[in-house]
Every structure is written in structure tokens, then in C-alpha cells.
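What follows is a single structure, written as C-alpha cells, with notes after it.
The values are calculated or read from the model by the stated rules, or taken from the named source; none is laboratory data. Because the structure is a prediction, the values reported are computed rather than measured. Every residue, glycine among them, receives a Cβ derived from its backbone with ideal geometry; neighbour counts consider all protein chains shown. Surface accessibility is based on the protein's heavy atoms, side chains included, excluding ligands, DNA and RNA. Shrake-Rupley method; radii C 1.70, N 1.55, O 1.52, S 1.80 Å.
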Number of protein chains: 2
Amino acid sequence: MTIQRRIIVHEGPGGLFESMAVSDDAAAGMRPGVLLFPNVLGTKETDFAYAEQVAALGYAVLVADVFGQGKRAKRSDADFGRYMDVLNGDRALLRERVNAAHDVLKGIDEADGARTAALGFCFGGKCVLDLARSGADISGGVSFHGVYDAPPFANAAIRAKLLICHGWDDPIAPPKATAALAEELTEAGCDWQIHAYGRTGHAFTDKSANMVDRGMFYSADADRRSFRAMTDFLNELFG
Amino acid sequence: MTIQRRIIVHEGPGGLFESMAVSDDAAAGMRPGVLLFPNVLGTKETDFAYAEQVAALGYAVLVADVFGQGKRAKRSDADFGRYMDVLNGDRALLRERVNAAHDVLKGIDEADGARTAALGFCFGGKCVLDLARSGADISGGVSFHGVYDAPPFANAAIRAKLLICHGWDDPIAPPKATAALAEELTEAGCDWQIHAYGRTGHAFTDKSANMVDRGMFYSADADRRSFRAMTDFLNELFG
């Protein structure tokens, strides 16, 4: 197994984007494709490393840039949410961007465009949900400590199966928001699961998160369990 | 592998009980022990069959009788809840009975009494929770479409890890009851997970359940996913 990274610069709604394809070059033939949507900061090393774990399971992964080439933030930036805020303020543009990223994934040589799924962390979880809400032909989506508010417009029927991995104490998604998501997905008629982890906050997969007082902190248990649940879920979709 | 059943008649709080030990006679040595608490009807063939699947994973299973020898109900009985009602009305007695069953499991030759867990379905899910609430030294517990109301007395600190497999549309446990359980378990300081399945009702593991209008119906997806989650959970405890 030789997991390789390959930068892919692609055009999209509003300019150029720089995504990263990650897959096992020693494997032959096409395999299911998996989009990975990063958190508020945009694509970065921790996403590429997570993508390598997913690629090792037998998938062709694309770490998707939805902000635009060169638009990356750092936690230490005073306005680290600036690129995300643009898309939160224009959910139609977000919808276009996540679908454009899906098209790029489908075009990768090693990805079987008829068998795709999407993963996402934090804001990337919202990207997964908005891709599903757009009626995209992904087989499934997994949100890790995602953001659940629905867009301000009507959605298509959701065709994707969805797995929502959720920290029960996440201040960004309190129980009411989680119940509202459950209701929305039920009304959309889709096959969904929410795995709620107790005594777990936002950002539970992020080893750099340690803001306990703000409800954002890494959890080794939730990180391991959500990875296992994601693995089971992808097996169910494509195994 | 030769999975065997063995009837075990044992004394307990209030009389004699008839449980069923299920394990692989071809396996050598002690292995983790797993209690299986049946639904409202008491021990029956579907429990023994499920126990065989669990035994095949490498566990020594005891399908636990908490009603008393000869006390079994059928769905066609007008008062099929009569044995359960006694224990719902006397949670201290229920607590004694589930702990007595745990002691019986520990005493089985092939079970390692220091490594035990409990599973339960419907009322049996309440049995799992009440065993955990009593502070019992089980490593973990799994509730399938359980019943979540807490006993009317203070509980011990919960030492067990808990996995709650839950149908979101379960009329016996609506979202408020589920959120209340989450709050109770968080306050008890335990390691918990709730896996909620969308468009899924009560009794989702029960192939004989087909009362869709009453929110009780089998779901092949939720049955398979909860079995997988239970397998992962037991692996985490004992693997």
C-alpha cells in the first residue's frame, strides 16, 4: 500500500480551487470515491492525514476546497471564520461549491463516479448536509460535529443515507438543534442515524482543540468510535 | 463451533427463576459473560436465537429470567404486560432481580465473572439501565429500544459504559424522554452513547412486531446496524 497525495487545481463557482486527491497507488482499478470537507479553517495537514486513513480502507478520497485557492485560515487569526462566513451567508453558493467538488471527485481516474460518499468536520459537516439536501447522487454522507441549520430555501428530496456523529454537549448544536435536524431529515424521507456521544463537545476529532470552557475539545473515545462507525457505514454502502 | 443451550434454574428474590445459558462448547476457557434481558414477554426462542449470535462472537451468554419460573406471556394475552407491571411498580425488586441474574452469570463455569456486560430489549433495556444505575460492576450495557424512566430513588454512580440503540420515532421513548436519559447519564458521570435511527419505531429488532400504527415495527436496517454497533461495543470492552 502506497498512499499518495496529489494536488488538484480546478475551476469552480467563483474562481479557482485547490483540492487534494488521496488514494492508494498500489491498488488497481476504480474504487468508491469519498469527499472530505474540512472545518472552518479549510484544507490542511490534519485533513490530508485523516484522508490517508480513509484511503487505506480502499477509497479514493478528495479533500475538497470550497473556499478558493489560497484562502486558508488559522486558529490564531482574529477572523479565522472569514471564509466560512461568506458561504454561511450565501447557502446557494455553498450548494454550488459542494456540488462542484463532487463533480471533481467523480472525474478522478481512480474514483468510481457512480459510487460516492461525503465526510465532513464542523463546517464540513454542514457541507455534507447541504450536498445531501441538494439532492446530489451521493450514496451516503457522514457529519462529524457538524452544523445543522437548514438553508433558507426549499431542498430537494435527500437520496443519500446519512450518519451524524454528534457530541451531546456541543454548544454549536444543543439538543434542540439536534432534534430539529432529526425532524428535518425524517420529513425529507431519508435514511438517517445520529450517534450522540455523552460528555463530548464540539471538535471531538480535532487533536488541536482544547477549549474545554467553550465546549470544544478532543475526545479520543469519540474520535475512535466515530471512525469505527464511519467505517461500518461505508462498508454498508459499498462493501 | 457448537453453540449449546443449558437451562439454569436458580433461586432469586421472590422465588425460583429459569434462565438459559448459551455458549460455544467447542471453545476452551473462560470468556466474557453477557446477560441478555428479554422484552415484556420474558425468555423465549427469539432471545435464545439472539443469544446464539452473541455466543458465536465469543461470549458466554445468560438469557436472564427476571419474572420467575413459568411466568411467561404471549402477545395474544390480553394482559401480556402483567409480569413486567409488577417490576415496573417495584423498581427496588427489579434492581434486586437484575443483580441476582448478574450473580448467576458470574457463576457460570465458562464466564469470566470479572468481565461482564448486559444487553436488553424493550423492558430488558430498562433492566440493563437499572443494573447500571445500581452501580453493578458490569463493564458495559446495551439497550435496544429500551424504556428510559429512572427509578423513584437515588442511584449509585454508574460504572458501566452504556450504548443506547434507539428508534427516533419510538412512541414509548419520544425525544423528550431520550433527552432526559442523556441528561441523567451525563449527570451520573458515565460514558454513554445514544445511536438514534431515523424513521424507526419501537421493537426494531423484533421480527414479529408489525404494529406500524402503534409505532412498533421491525426494521432490518436498525436490527443489522444495532447488532454491528453492539459487536463493536463489546469489542471495545473486551477485545
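What is the Cα centroid distance between the range B:136-164 and the range A:140-198, reported in whole angstrom? With the range B:136-164 and the range A:140-198 each reduced to a Cα centre, they are spaced 26 Å.
Taking a threshold of 27 Å on the Cα-Cα distance, which of the pairs A:Lys126/B:Lys176; A:Lys71/A:Lys106; A:Lys74/B:Lys161 fall above it? Could you put the intermediate results ahead of the total?
Values: A:Lys126/B:Lys176 25 Å; A:Lys71/A:Lys106 24 Å; A:Lys74/B:Lys161 36 Å.
Exceeds cut-off: A:Lys74/B:Lys161.
Report, please, the projected area of the range A:6-103 averaged over directions, based on the convex hull of its C-alpha atoms, in nm².
6.3
Shown for A:Ala180: label points 7 Å from Cα along the beta-carbon vector, and their distances to the equivalent points in the other copies, 2.4 nm in ascending order.
Cα centroid separation, the range A:92-133 to the range B:34-106: 47 Å.
All C-alpha pair distances within the range A:3-238, sorted into 5 Å bins from zero, spread as 1, 7, 15, 21, 21, 18, 12, 4, 1, 0 percent across the bins. With both residues required to sit in the range A:3-238, DSSP beta bridges show an antiparallel share near 35%.
Couplings for the range A:143-154, taken from phi via the Karplus curve 6.51 cos²θ - 1.76 cosθ + 1.60 with θ = phi - 60°, read 9, 10, 5, x, 10, 9, 4, 6, x, x, 9, 5 Hz in order; Gly and Pro are left as x. Helix-only arithmetic for chain A: the sum of -39500 (n - 2.57) across DSSP H runs with n ≥ 4, divided by the residue total, places the mean residue ellipticity at 222 nm at -10500 deg cm²/dmol.
Model label sites at B:Met30 and A:Leu16, defined 7 Å from Cα along the beta-carbon direction, differ in position by 6.7 nm.
Here the Karplus curve 6.51 cos²θ - 1.76 cosθ + 1.60, taken at θ = phi - 60°, turns the phi angles of the range A:70-82 into couplings of x, 8, 10, 10, 10, 4, 7, 5, 4, 10, 5, x, 4 Hz, with x standing for Gly and Pro. Using only side-chain charges placed at the Cβ, +1 for Lys and Arg and -1 for Asp and Glu, the dipole size of the range B:182-239 relative to its Cα centre rounds to 420 debye.
Among A:216-226, B:189-199, B:10-20, how do they line up by average Cβ neighbours within 10 Å per residue, starting with the highest? Numbers along the way, then the final one.
Numbers: A:216-226: 18.7, B:189-199: 21.2, B:10-20: 17.0.
Top to bottom by mean Cβ count within 10 Å: B:189-199, A:216-226, B:10-20.
Between amide H atoms placed 1.01 Å from N, distances below 5 Å from A:Arg115 occur with A:Gly33, all of them 5 or more places distant or on a separate chain. Heavy atoms of chains A and B lose about 2000 Å² of accessible surface on contact, summed over both sides with a 1.4 Å probe. Inter-copy label distances at B:Arg82, shortest first and taken from points set 7 Å along Cα to Cβ: 7.5 nm. Simple point charges give the picture: +1 on the Cβ of Lys and Arg, -1 on the Cβ of Asp and Glu, and for the range A:136-239 a dipole about the Cα centre of about 260 debye. Counting only DSSP beta bridges with both residues in the protein assembly as shown, the antiparallel share comes to about 40 percent. Here the Karplus relation 6.51 cos²θ - 1.76 cosθ + 1.60, evaluated at θ = phi - 60°, turns the backbone of the range B:55-64 into coupling constants of 4, 5, 7, x, 10, 9, 9, 10, 7, 8 Hz, with x for every Gly and Pro. Residues in the range A:3-238 average 38 Å² of solvent-accessible surface per residue, probe 1.4 Å, ligands and nucleic acids excluded. Looking at the range A:116-161, the chymotrypsin sites (Phe, Trp or Tyr not before Pro) that sit in a DSSP loop and have at most 11 other Cβ atoms within 10 Å of their own Cβ are A:Phe153. The accessible-area loss of the range B:162-180 on complex formation, taken against its chain alone with a 1.4 Å probe, reaches 50 Å² or more at B:Trp168.
Size of the dipole of chain B about the Cα centre, Lys and Arg at +1 and Asp and Glu at -1 on the beta carbon, nothing else charged, in debye to 20?
Dipole about the Cα centre, nearest 20: 240 debye.
In this structure, the amide hydrogen of B:Ile8, modeled 1.01 Å from its nitrogen in the peptide plane, lies closer than 5 angstrom to those of B:Ser19, B:Met20, B:Ala21, counting only residues at least 5 positions away or on a different chain. Label positions at B:Ala114 and A:Ala220, each projected 7 Å from the Cα along the C-beta direction, are separated by 2.2 nm. Each copy carries B:Arg199; placing its label point 7 Å along the C-beta direction from Cα gives inter-copy distances of 3.6 nm, listed from smallest up. Under 5 Å between amide hydrogens, built in the peptide plane, is the criterion, and for A:Gly68 it picks out A:Glu18 among residues at least 5 positions away or on other chains.
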